[in-house]
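See structure below.
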Amino acid sequence: FMQRGLDSQTKKQLEEEEKKIISEEHWYLDVPDLKEKESCIIEERSFLRCEDLVYGRMSFKGFNPEIEKLMIQMNSKCKEEEIEEDDKMEADVSDEEMARRYETLVGTIGKKFLRKRDQRVLKDDDEDDEVEEGNSSTKPSKRAKKMFLKPQD
Amino acid sequence: MAAQRGTAAEALVGQVVLPGDLLLLPAHYDEDAEGERLRLSTGAAPQGRLLCGPGLRRSGAGLLVTKCGLLRHRPAGGGAFWVDSQQKRYVPVKGDHVIGIVTAKAGDVFRLDVGGSEPASLSYLAFEGATKRNRPNVQVGDLIYGQFVVANKDMEPEMVCIDSSGKSSGMGIIGQDGFLFKVSLGLIRKLLAPKCEIIQELSQLYPFELVLGMNGRIWVKAKTVQQTLIIVNILEACEYMTAEQRKQALAKLSGN
């Protein structure tokens, strides 16, 4: 059947013969194709799509506040979609709060990337600020440390 | 058997139809306009497809009625016809929100009784925020409010407690206390109608919480047992009371 060394020509001939045999044996309908009718009717077994039913979970007079919120949300979904959602998105974080947070955020992340010397400066400043009645003697000594002191003979 | 000659669907809206009635639709719904048809002067041709709701089946020339009840019609959104019938036995339908009672825990799956022919299955991952390590705390006997994701006559129904976006939106385990009882399916649909007078009148009485399942089950919780029982009795009885009788009953209660 699949013999090695067969020329491609003889292979083709064999294939054609096989196809002929198969197609003669194939049954086919001698009937013209029926046009598929596009049905304009959909069958539905659920009442939900026919009638306009509200959501099944309800709460009245504040018995369950979460469900009352849900009721408003679900029942208005039928009428206005996505408008309420957009409003909620905007009100999450107000612009002022965002600006305030961002301000402090920049400072804290900035400190992370300071070099050691700069960090020490920052620390000194902080300590100076905190200690109001601080020792004034420490100040010059700290400042002096930075400069190289020539050893006295 | 001679072919039954149907009547126009729109002529029977609001009237009682019986199984076996054939309803003809206005000509623009069908592709081949053959046969005798009552041409109704409808307005502009509706866009979209016609919805053939519960109680109706599509058959060749029109719609075949399979349940007895009142024929309803909704002209909006392509139009819809359905039969408003009354029954007590629930058949699971995809997309319905129902109250189920947990009857068994089988490994990773809970079995819930929803009032249908088979118990529904609910996977423990189908809750909001549930992971393999963070399992929901569900015990046998708990009440669960969820929706069907698979519900046909060949397979066991499956439920989930989250919607398509992954949020629970009110579904899940229903809390402690409260009272569960069963009513007919028609009453549930009446109570779930957009502006239901019964619910509006009841909401004036006491603060309470209500969960309505499409399988005929209602769960009520109020502050005291007595208030809960009053609400239960009203809901059960209001199916057969007229509006005036109901208002009288409520007036007596609010007077107390």
Output the relative contact order of chain B, whole-number percent, from Cα pairs under 8 angstrom with separation of 6+ residues. 13
If each K or R counts +1 and each D or E counts -1, the residues other than B:Leu180 whose Cβ falls under 13 Å of its Cβ total -2
Summing -39500 (n - 2.57) over the DSSP H runs of n ≥ 4 in chain B and dividing by its residue number, what mean residue ellipticity at 222 nm do you reach, to the nearest 500 deg cm²/dmol? -4500 deg cm²/dmol
Placing unit charges on C-beta atoms (Lys and Arg positive, Asp and Glu negative, everything else neutral), compute the dipole magnitude of region B:179-254 about its Cα centre in debye, rounded to 20. 100
How high is the FRET efficiency between B:Glu236 and B:Ser164 when r is their beta carbon distance and R₀ equals 35 Å, given to the nearest 0.05? 0.55
Residues B:Lys105, A:Lys20 arranged by fewest to most Cβ contacts within 10 Å: A:Lys20, B:Lys105
If you add up the charges near B:Val149, with Lys and Arg at +1 and Asp and Glu at -1, over every other residue whose beta carbon is less than 13 angstrom from its beta carbon, what do you get? -3
Between helix B:243-255 and chain B: long-axis angle, C-alpha atoms, 0 to 90°, nearest 10: 20
Rounded to 10°, Cα long-axis angle of helix B:225-237 versus longest principal axis of chain B: 10
Amide H neighbours of A:Ser59 under 5 Å, at least 5 residues apart or on other chains, H built in the peptide plane: list them. B:Leu210
Mind checking the mean number of beta-carbon atoms from other chains within 10 Å of the Cβ atoms in A:63-71? 3
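What ranking, highest mean first, results for peptides B:234-241, B:107-114 when packing means the other Cβ atoms within 10 Å averaged over each residue?
Descending mean neighbour count gives B:107-114, B:234-241.
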Rounded to the nearest 0.05, what FRET efficiency do A:Ser23 and B:Glu197 have when you use their Cβ-Cβ distance and R0 = 56 Å? 0.20
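Here, each number is a calculation from the coordinates, and none is a lab measurement. Given the structure is predicted, the values throughout are model-derived calculations rather than measurements. Here the Cβ is made from the backbone with ideal geometry for all residues, glycine too, and neighbour counts use every protein chain on show.
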